[in-house]
Amino acid sequence: MLIEMLKEGTSPYMASRWIRGKLEKASYTCLSMTEAWNLQEGGKYLLDLDATVIAFRMPEERTGMTAACGAPAVRITASHTDFPGLRIKADPDLRLESYGRINTEVYGGAIDSTWLDRPLGVSGLVTVDAGDPFHPQPVFYDSRRPLFVIPHLAIHMDRQMNQGQPVNRQTQLIPLFTTEAAGDDFRNFLASEIGVPDAAQILSYDLTVYNCDEPAFFGREADILSAPRIDNLSSAAACLETMLREDGARSLEISAFFNHEEIGSTTKQGAHSALLRDVISRIYQAAGFSEEEMLRAVYSGFLVSVDVAHALHPNYPEKADLTSRPVMNHGFAVKEAFSQAYATDPRGIGTVEAICRAQKIPCQIYFNRSDIPGGHTLGAFIDSSLPMQAVDIGIPILGMHSARETCGIKDYDAMRDFLAAFYRA
């Protein structure tokens with residue numbers, strides 16, 4: 001499933017559509033936040049919210065949703081569908097002689113130079129005029145082939161190139177689209193691709209420029225994976241696999257696949273919004289519980305925030321912590337930071353360690369080096385509005401935020417096995 005998701009998740013929209021398709025094949029019923037819900041014990045449901053998907057499984061016994069059940073009444077896994085890269089601006093055509101180029105903006109904390117000399121495709125959402133100003137027609141598009149390249153300058157023209165010069169995002173990170181530039185090239189091309197007769201019908205779009213490189217295994221045992229979008233579609237794939245298992249739920253099981261983590265999560269689809277809390281509130285209301293019972297269940301709950309971690313880099317060992325430095329293919333990482341950039345605390349670690357020991361699942365502890373602060377994850381954002389026990393985990397990877405990243409496949413298997421055990425415990 002991991003390889004399929006890395007190939008299909010070419011934008012947050014395509015990742016969420018693929019996740020929804022897998023869930024619907026497993027008999028999940030799609031709900032809407034603007035309609036009434038009729039939930040059944042043992043039922044499986046999903047919400048598709050503009051590149052964010054929330055899936056949940058109702059317990060087969062109603063008492064499993066109460067704090068009195070003696071186990072976490074609400075069990076949540078959270079990952080994200082977006083990744084660093086490039087987005088296409090409105091009216092993007094740039095012309096120089098007969099060259100046609102596309103104006104872009106860098107999304108998230110991309111490693112700019114890794115996007116040079118790559119085969120690049122386009123994927124995302126296009127909105128088309130359908131006659132109703134409040135309900136434009138959404139069209140999901142994936143070129144499924146390379147359309148662009150961002151060519152590097154030859155070293156003969158810049159002898160200082162290997163001295164670590166930065167790439168200018170506005171002038172040097174511009175994809176080449178055609179050598180026969182005309183007028184409104186890109187919108188006309190896009191209209192023909194999505195089957196719209198007049199480009200003027202296109203109202204807007206949110207289009208990701210993605211790396212078309214194929215995933216590949218390498219190494220002596222072929223257990224090292226190099227691929228685009230490992231951060232964070234690897235986590236989303238593992239969470240999805242656990243939601244597709246066939247055993248019944250003992251508590252309220254939720255898996256949230258959020259958009260916009262790479263730009264701070266502070267959007268209506270992001271983990272720092274009221275969305276997840278509203279979903280949980282509606283579940284408990286539809287199941288006939290009071291607000292007090294819902295709050296008691298939330299406070300008894302447990303959250304696993306799933307995002308990648310930094311592996312010890314064999315060429316830059318000085319960049320890792322002195323002692324807590326996960327190695328690829330030696331287990332998934334439990335991420336800890338006293339700044340609470342990660343939501344992990346000793347009780348959360350204790351739970352993870354206990355489950356891993358019982359199931360013989362390998363795991364490692366990760367800390368950032370004290371003088372090199374790391375990034376944030378979904379965990380702290382979610383936990384600020386849903387106060388419950390929480391832990392941050394992820395597979396250790398190399399080249400995080402590169403156009404192509406590297407991980408150990410054994411770590412993915414370990415993380416997937418842990419998530420399944422977490423829901424069953």
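The values are calculated or read from the model by the stated rules, or taken from the named source; none is laboratory data. The shown structure was predicted, so the numbers you read here are calculated from the model rather than taken from an experiment. Backbone-built Cβ (ideal geometry, glycine too); neighbour counts: all protein chains shown. Side chains are part of the model used for accessible areas, which takes the heavy atoms of the whole protein and leaves out ligands, DNA and RNA. Shrake-Rupley method; radii C 1.70, N 1.55, O 1.52, S 1.80 Å.
Taking the criterion of being surrounded by 21 or more Cβ atoms within 10 Å (Cβ to Cβ) and acidic (Asp, Glu), the only residue of region 70-94 that qualifies is ASP82. Which one is nearest to LYS360 (Cα to Cα) among residues in region 402-425 that are open to solvent by 40 Å² or more (accessible area, probe 1.4 Å) and either at pLDDT 95 or above or small (Gly, Ala, Ser) (or both)? Step by step, filter region 402-425, then rank; the result is ASP417. Among the residues of region 191-229, those that are among the small types (Gly, Ala, Ser), open to solvent by 30 Å² or more (accessible area, probe 1.4 Å) and either assigned to a strand (DSSP E or B) or modelled with pLDDT of 95 or more (or both) comprise SER192, GLY195, SER204, ALA216, GLY219, ALA222.
Considering region 196-232 alone, what residues qualify as being in contact (Cβ under 8 Å) with a residue 24 or more places away in the chain and among the aromatic types (Phe, Trp, Tyr)? Within region 196-232, TYR205, TYR210, PHE217 qualify.
Answer yes if at least one residue in region 378-397 is in a loop (DSSP other than H, G, I, E, B), at pLDDT below 95 and in contact with a Ser or Thr (Cβ under 6 Å, 6 or more places away or on another chain), and no otherwise. Can you show your working first?
Step one: filter region 378-397 for residues in a loop (DSSP other than H, G, I, E, B), giving 386-388, 395.
Still in the running and at pLDDT below 95: 386-388.
Keeping just the survivors that are in contact with a Ser or Thr (Cβ under 6 Å, 6 or more places away or on another chain) gives none.
No: zero hits.
I'm trying to understand the selection: among the residues of region 287-322, which are open to solvent by 40 Å² or more (accessible area, probe 1.4 Å) and within 30 Å of GLY64 (Cα to Cα)? The answer is GLY288, SER290, GLU291, GLU292, GLU293, LEU295, ARG296, TYR299.
The rows are residues; the columns are (1) under 21 Å from the mean Cα position of the chain (by Cα); (2) open to solvent by less than 40 Å² (accessible area, probe 1.4 Å); (3) over 26 Å from THR406 (Cα atoms); (4) in contact (Cβ under 8 Å) with a residue 40 or more places away in the chain.
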position	(1), (2), (3), (4)
GLY331	yes, yes, no, yes
LYS335	yes, yes, no, yes
GLN340	yes, no, yes, yes
PRO346	no, no, yes, no
THR351	no, no, yes, yes
PRO362	no, no, no, yes
TYR366	yes, yes, no, yes
PRO373	no, no, no, no
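Residues in region 1-18 that are hydrophobic (A, V, I, L, M, F, W, C) and in a loop (DSSP other than H, G, I, E, B): MET1 alone. Does region 46-58 contain any residue that is open to solvent by 30 Å² or more (accessible area, probe 1.4 Å), part of a strand (DSSP E or B) and not aliphatic (A, V, I, L, M)? Yes: region 46-58 contains one or more residues that are open to solvent by 30 Å² or more (accessible area, probe 1.4 Å), part of a strand (DSSP E or B) and not aliphatic (A, V, I, L, M). From the list GLY100, GLY109, GLY121, the lone residue that is open to solvent by less than 60 Å² (accessible area, probe 1.4 Å), out of contact with any Asp or Glu (no Cβ under 6 Å at 6 or more places or on another chain), small (Gly, Ala, Ser) and outside any loop (DSSP other than H, G, I, E, B) is GLY121.
Does ARG250 fit the bill of being among the basic types (Lys, Arg), open to solvent by 50 Å² or more (accessible area, probe 1.4 Å), closer than 29 Å to GLY350 by Cα and at pLDDT 95 or above? When the stated conditions are applied, ARG250 does not pass them.
Among the residues of region 337-366, those identified as at pLDDT below 95 and in a loop (DSSP other than H, G, I, E, B) are ALA337, PHE338, SER339, GLN340, ALA341, TYR342, ALA343, THR344, ASP345. Being part of a loop (DSSP other than H, G, I, E, B), modelled with pLDDT under 95 and not hydrophobic (A, V, I, L, M, F, W, C): is that true of GLY131 here? Against the criterion (part of a loop (DSSP other than H, G, I, E, B), modelled with pLDDT under 95 and not hydrophobic (A, V, I, L, M, F, W, C)), GLY131 qualifies.
Listed by first and then second residue, the pairs linking a residue in region 163-180 that is at pLDDT 95 or above to a residue that is open to solvent by 90 Å² or more (accessible area, probe 1.4 Å) and not in a loop (DSSP other than H, G, I, E, B), with Cβ atoms under 7 Å apart and 6 or more places separating them unless they lie on different chains, are LEU176/TYR99.
Considering region 19-38 alone, what residues qualify as being part of a helix (DSSP H, G or I) and open to solvent by 30 Å² or more (accessible area, probe 1.4 Å)? The answer is ARG20, LYS22, GLU24, LYS25. Residue count for region 153-190 under the criterion of being among the hydroxyl-bearing types (Ser, Thr, Tyr) and surrounded by fewer than 10 Cβ atoms within 10 Å (Cβ to Cβ): the result is 2.
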